[in-house]
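After the structure tokens below, expect a handful of questions from me.
The values are calculated or read from the model by the stated rules, or taken from the named source; none is laboratory data. Nothing here was measured: the structure is a model prediction, and the numbers come from that model. Note: ideal-geometry Cβ built from the backbone for every residue, glycine included; neighbour counts use all protein chains shown.
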Ligand code: KG4
Ligand code: ZN
């Protein structure tokens with residue numbers, strides 16, 4: 001029949017993941033299993049992801065994740081129709097670990113291999129979770145990425161704009177660091193911002209005065225550093241309230257940029273958009289979510305935010321993107337390359 005069952009592997013950053021997704025004849029796809037093993041504790045002492053440590057951890061954990069995913073799905077390798085693997089973009093050591101693991105399974109079983117672009121995995125997730133039809137607008141906002149994509153087909157993406165420097169999650173993380181808050185910075189800054197006054201510090205809304213959907217977040221970090229130091233110079237230290245006001249003012253600036261540029265991206269996208277969708281860790285932020293929801297409502301569009309576990313890095317999105325590509329006839333050979341850079 002037309003039922004497809006695909007194993008997906010993800011290892012392009014600091015999460016090792018394996019998942020099984022199944023779709024029966026035109027029905028909504030099901031996630032049979034999704035296993036994610038993070039590496040945060042391995043990298044924490046170094047204050048950032050160390051590529052060599054990540055690659056080694058992926059190589060050690062991939063097999064375990066695959067076994068765990070198959071066991072949780074209650075299936076064996078012989079029940080699969082294909083193996084999908086992130087072939088880039090990302091840290092080369094990690095991507096290579098995943099591609100080699102997938103090739104090993106393909107060689108042992110004869111199963112076809114499908115290479116998946118990690119960004120396409122994020123971008124196609126709303127079809128997995130909400131059955132969205134093309135075209136829709138996707139804002140991908142994480143610790144490593146920030147872009148508006150018009151998603152027009154399984155292999156048809158138009159990048160409408162993106163950050164020209166830092167990703168917004170990175171800006172949240174650096175803000176937390178500058179204010180002595182724990183990592184990952186996003187949730188910590190959001191929590192602190194709840195008690196803060198967003199109007200106390202007038203942070204810039206970079207590039208909002210320029211046309212287009214490009215964004216910039218690195219200047220915000222500098223503005224925050226200056227504001228913090230001005231408070232310290234004036235009072236000899238910063239209070240809990242100062243910190244809350246800095247966080248609230250910073251978060252409001254990021255929110256305004258993402259929402260303002262989302263409005264422009266909707267205007268620049270093809271007619272007939274079915275939704276505004278988001279993915280990436282930053283999509284967890286309630287203030288940012290609420291602002292994007294308003295922008296979608298203004299444009300008469302549904303706002304789609306997949307569950308957080310499917311917004312952040314995972315292998316279900318890779319299995320699903322692989323399944324969609326496989327249905328269209330995509331097959332990769334043993335020469336599938338790992339690509340550290342791979343724009344959509
Ligand atoms: O998608 P993700 O889990 O990983 C990648 O970057 O690929 O995103 C993680 C990023 C981190 O920078 C984190 O600080 C940010 O998402 N983040 C948030 C929130 N939760 C996570 N940023 C703002 N508000 C949040 N609630
Ligand atoms: Zn990602």
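Does any residue of the range 278-286 turn out to be surrounded by fewer than 18 Cβ atoms within 10 Å (Cβ to Cβ) and more than 15 Å from residue 189 (Cβ to Cβ)?
No: the range 278-286 contains no residue that is surrounded by fewer than 18 Cβ atoms within 10 Å (Cβ to Cβ) and more than 15 Å from residue 189 (Cβ to Cβ).
For the structure I just gave you, tell me whether residue 94 is modelled with pLDDT under 95, within 16 Å of ligand 2 (Cβ to nearest atom) and closer than 24 Å to residue 36 by Cα.
No, not satisfied.
Let me ask something else. Residue by residue through the range 304-333, note down the ones that are assigned to a loop (DSSP other than H, G, I, E, B) and either in contact with a helix residue (DSSP H, G or I) (Cβ under 6 Å, 6 or more places away or on another chain) or within 13 Å of ligand 2 (Cβ to nearest atom) (or both).
Across the range 304-333, the qualifying residues are 305, 306, 312, 313, 314, 315.
Another question, then. Hey, residue 38 hits all of (1) modelled with pLDDT under 95; (2) surrounded by 17 or more Cβ atoms within 10 Å (Cβ to Cβ); (3) touching a strand residue (DSSP E or B) at 6+ places or on another chain (Cβ under 6 Å) but one; which does it fall short on?
(2) is the only condition that residue 38 fails.
Given the conditions (1) surrounded by fewer than 20 Cβ atoms within 10 Å (Cβ to Cβ); (2) out of contact with any strand residue (DSSP E or B) (no Cβ under 6 Å at 6 or more places or on another chain); (3) at pLDDT 95 or above, and given that residue 210 satisfies all but one, which numbered condition is not satisfied?
It fails just one condition, (3).
To keep it simple, each residue is scored yes or no on (1) surrounded by fewer than 21 Cβ atoms within 10 Å (Cβ to Cβ); (2) in a helix (DSSP H, G or I); (3) within 14 Å of ligand 1 (Cβ to nearest atom); (4) outside the structural domain of residue 175 (by TED's automatic domain parsing).
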residue	(1), (2), (3), (4)
219	yes, yes, no, no
224	no, yes, no, no
228	yes, yes, no, no
231	yes, yes, no, no
237	yes, no, no, no
242	yes, yes, no, no
247	no, yes, yes, no
250	no, yes, yes, no
257	no, yes, yes, no
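Separate question: Could you say whether any residue in the range 264-281 is out of contact with any helix residue (DSSP H, G or I) (no Cβ under 8 Å at 6 or more places or on another chain) and within 16 Å of ligand 1 (Cβ to nearest atom)?
Residues of the range 264-281 that are out of contact with any helix residue (DSSP H, G or I) (no Cβ under 8 Å at 6 or more places or on another chain), as a first pass: 264-265, 267-272, 274.
Keeping just the survivors that are within 16 Å of ligand 1 (Cβ to nearest atom) gives none.
Taking every residue of the range 264-281 in turn, none turns out to be out of contact with any helix residue (DSSP H, G or I) (no Cβ under 8 Å at 6 or more places or on another chain) and within 16 Å of ligand 1 (Cβ to nearest atom).
OK, next. So which residues in the range 320-329 are surrounded by 19 or more Cβ atoms within 10 Å (Cβ to Cβ) and under 13 Å from residue 112 (Cα atoms), if there are any at all?
322, 323, 325, 326 - these are the residues of the range 320-329 that are surrounded by 19 or more Cβ atoms within 10 Å (Cβ to Cβ) and under 13 Å from residue 112 (Cα atoms).
Then there's this: Any idea which of (1) within 20 Å of the chain's Cα centre (by Cα); (2) more than 14 Å from residue 7 (Cα to Cα) is the one residue 34 doesn't satisfy?
(2)
Related question: Could you list all residues from the range 106-120 that are assigned to a helix (DSSP H, G or I), away from ligand 1 (no atom under 16 Å from the Cβ) and crowded, with 20+ Cβ neighbours inside 10 Å?
106
Now for a separate question. Within the range 289-329, which residues are under 15 Å from residue 186 (Cβ atoms) and in contact (Cβ under 8 Å) with a residue 60 or more places away in the chain?
Residues satisfying the conditions are 311, 312, 313.
Looking at the range 177-196, which of the residues that are surrounded by 21 or more Cβ atoms within 10 Å (Cβ to Cβ) and without any contact (Cβ under 8 Å) to a residue 60 or more places away in the chain is farthest from ligand 2 (Cβ to nearest atom)?
For the range 177-196, the residue satisfying everything is 196.
Let me ask you something else. Restrict the check to the range 129-139 and report whether at least one residue is surrounded by 24 or more Cβ atoms within 10 Å (Cβ to Cβ), over 24 Å from residue 23 (Cβ atoms) and within 16 Å of ligand 2 (Cβ to nearest atom).
Yes, the range 129-139 contains a residue that is surrounded by 24 or more Cβ atoms within 10 Å (Cβ to Cβ), over 24 Å from residue 23 (Cβ atoms) and within 16 Å of ligand 2 (Cβ to nearest atom).
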